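The values are calculated or read from the model by the stated rules, or taken from the named source; none is laboratory data. Only a predicted model underlies this, so the values are computations on that prediction, with no experimental measurement involved. All Cβ positions, even for glycine, are placed from backbone atoms using ideal geometry, and neighbour counts span all protein chains on display. Surface areas here come from the heavy atoms of the whole protein model, side chains and all, with no ligands, DNA or RNA. Shrake-Rupley method; radii C 1.70, N 1.55, O 1.52, S 1.80 Å.
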Amino acid sequence: MEKKKLTVIVPIYNEEDTLPLFLSELVKYCQTNDWFLILVDDGSTDNSDEILNSYKEADGVKIINHKINKGYGAAIKTALRFTETPWVVTVDGDGQHDFHDIDSLLILAEEECADLVVGKRCEGSGFLRSIGKHLIRSFAKLLMPINIHDLNSGFKLYRTELVKLFAPICPDTMSFSDIITLFFINQKCKVLEYPIHIKSRQGGKSTINLSTAFDTVVNILNISMLFNPLRIFLPLSMLFFIIGLAWGIPIVLAGRGVSLGSLLLIICSLVFLSIGLIASQLSSIRLDSLNDKSNSISFHK
């Protein structure tokens with residue numbers, strides 16, 4: 001019997017209005033393609049769990065229920081524990097993704113030997129959300145080189161071994177989508193984008209808000225500290241040093257002695273530099289084992 005090659009993961013939270021619109025078709029589509037389907041109810045307080053449990057006897061379908069809401073990323077991590085196929089794809093539970101695009105992502109990944117294929121949304125994001133996506137990407141690009149446009153797309157196809165390796169270090173919140181992509185990019189994995197179709201939300205309410213965006217920015221900053229802390233501390237050190245010199249030199253040239261304020265700024269610049277160097281060494285130690293494992297997977301795939 002041929003081994004299944006793909007698992008579809010759908011994290012779900014309070015989607016009782018949208019699940020009846022697409023779930024039956026998704027189950028049939030996965031069964032037709034001989035894919036596994038894992039549906040994770042992340043502590044929904046509506047009737048989502050009842051709708052999902054009606055499929056618990058369906059062939060190739062696994063239902064997982066969180067007792068409480070743990071977060072989007074946590075739901076994906078839970079599903080990954082039960083994933084044994086070479087490839088895994090995440091699809092949002094709001095019915096906006098066209099799951100027929102999964103075939104295109106899988107074909108591209110296999111043809112190009114990619115490690116991650118991001119489903120790039122070309123329409124349907126909305127004006128305010130597009131601005132938020134642009135700002136988040138711009139902030140991330142300041143901290144590390146990025147060639148992917150739709151970082152926070154929930155439609156992603158991963159090489160299972162690698163996403164299982166990186167996922168535990170990523171946050172449990174909605175920012176999981178952005179951070180896992182940055183992990184793949186930073187670890188020099190092959191990351192591609194492919195345009196996908198987006199449908200209008202037919203029911204329910206989006207959980208994306210300003211708080212989600214702020215959480216994403218904070219987590220990008222945290223992950224940058226892990227990858228390359230000098231990228232943050234070195235500019236701060238240079239900024240304080242230059243301001244300190246600009247403040248102190250005119251006072252010295254005027255014969256008024258040495259400014260305590262300028263000395264404090266220069267000392268702060270040295271402190272930032274020292275912290276950056278120490279953090280860089282700690283980062284290298286922490287990432288060494290991760291690099292070895294990811295390289296081993298890349299060489300033997």
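Across the stretch 227-241, what is the total count of residues that are open to solvent by 40 Å² or more (accessible area, probe 1.4 Å) and either assigned to a helix (DSSP H, G or I) or acidic (Asp, Glu) (or both)?
Qualifying residue count for the region: 9.
May I ask you to say which residue of ILE169, ILE179 is over 25 Å from PHE22 (Cβ atoms), touching a Cys at 6+ places or on another chain (Cβ under 8 Å) and either open to solvent by less than 30 Å² (accessible area, probe 1.4 Å) or modelled with pLDDT of 80 or more (or both)?
Details: ILE169 fails: touching a Cys at 6+ places or on another chain (Cβ under 8 Å).
After applying the criteria, what remains is ILE179.
Looking only at residues in the stretch 193-210 that are of a type outside the set (D, E, K, R) and at pLDDT 65 or above, which one is least open to solvent (accessible area, probe 1.4 Å)?
This residue is ILE196.
Every residue, every condition in (1) modelled with pLDDT of 90 or more; (2) within 27 Å of the chain's Cα centre (by Cα); (3) open to solvent by less than 60 Å² (accessible area, probe 1.4 Å), yes or no:
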site: ILE243; (1), (2), (3): yes, no, no
site: VAL252; (1), (2), (3): no, no, no
site: SER259; (1), (2), (3): no, no, yes
site: LEU265; (1), (2), (3): yes, no, yes
site: GLY276; (1), (2), (3): no, yes, yes
site: ASN291; (1), (2), (3): no, yes, yes
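Which condition from (1) in contact with a Leu (Cβ under 7 Å, 6 or more places away or on another chain); (2) modelled with pLDDT under 90; (3) not aromatic (Phe, Trp, Tyr) is the one that HIS149 breaks?
The single condition HIS149 does not satisfy is (1).
Which residue is most open to solvent (accessible area, probe 1.4 Å), if the candidates are limited to the stretch 101-117 and must be in a helix (DSSP H, G or I) and among the β-branched types (Val, Ile, Thr)?
ILE107
With a cut-off of at least 2 residues that are touching a strand residue (DSSP E or B) at 6+ places or on another chain (Cβ under 8 Å), without any contact (Cβ under 8 Å) to a residue 40 or more places away in the chain and crowded, with 17+ Cβ neighbours inside 10 Å, name the strands (runs of 3 or more DSSP E) lying wholly within the stretch 1-89.
36-42, 61-66
For the stretch 52-64, does any single residue satisfy the condition of being in contact with an Asp or Glu (Cβ under 9 Å, 6 or more places away or on another chain) and among the small types (Gly, Ala, Ser)?
Checked the stretch 52-64: at least one residue is in contact with an Asp or Glu (Cβ under 9 Å, 6 or more places away or on another chain) and among the small types (Gly, Ala, Ser).
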